[in-house]
Each structure stands twice: as structure tokens, then as C-alpha cells.
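The values are calculated or read from the model by the stated rules, or taken from the named source; none is laboratory data. The structure displayed is predicted, hence computed values, not measured ones. When we count neighbours, we look across all protein chains shown, and the Cβ atoms used for this are built from the backbone with ideal geometry, even at glycine. Each accessible area value is taken on the protein alone, full model and side chains, heavy atoms only, with ligands, DNA and RNA left out. Shrake-Rupley method; radii C 1.70, N 1.55, O 1.52, S 1.80 Å.
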Amino acid sequence: MKLVENRSSKRNAPLSKEEATIVGTGAAAIVREFLPAFPIYAATPLESLPGLAAEVMGIGPSGVADRPNIDKSNF
């Protein structure tokens, strides 16, 4: 895993109303309404990574989505 620093001058700026609609906390609820319409949709299990989160990122408990059917060639 490679961590990359966000060097944008806007990285700590508040979200605009439009941005909050797309990525804010309410966006997930909107997306959940439509996901079941896709035949390939399935819930993604999360794997806990407490050691990595604390040691590498200096944060509390964390998880990573295990998406075995996703094309990872672009990652």
C-alpha cells in the first residue's frame, strides 16, 4: 500500500453545498436506494486492520473492503 499526501490547498476547506450532496454523509443513503437495482451488487465484507491503522496511519481501528471481483489492474 502506498499512502499519498493530499497537497491541495483546498484539502481542509469545507465542502460546498454541491460537493456535500455528492460526497457528504447524506450521499450514502441516496446511493443505497439504487444499489439493489444492479444485478451484480452484493454487500462488501470489511477486513479489520487494527495494527496497520495504528502503526502506519496513526489512527484508530480501520477496515478495508475485500472486493475480489473488482478489476484491480488500475490500482
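Observations on the structure shown:
- Of the residues making up segment 35-75, those that are farther than 22 Å from Leu3 by Cβ, of a type outside the set (A, V, I, L, M) and either surrounded by 10 or more Cβ atoms within 10 Å (Cβ to Cβ) or at pLDDT 70 or above (or both) are Pro36, Phe38, Pro39, Tyr41, Pro45.
- Single unsatisfied condition, Gly24 versus (1) modelled with pLDDT of 80 or more; (2) open to solvent by less than 100 Å² (accessible area, probe 1.4 Å); (3) not hydrophobic (A, V, I, L, M, F, W, C): (1)
- Restricting segment 1-21 to residues that are exposed (fewer than 10 other Cβ atoms within 10 Å of the Cβ) and aliphatic (A, V, I, L, M), the residue that is modelled with the lowest pLDDT: Met1
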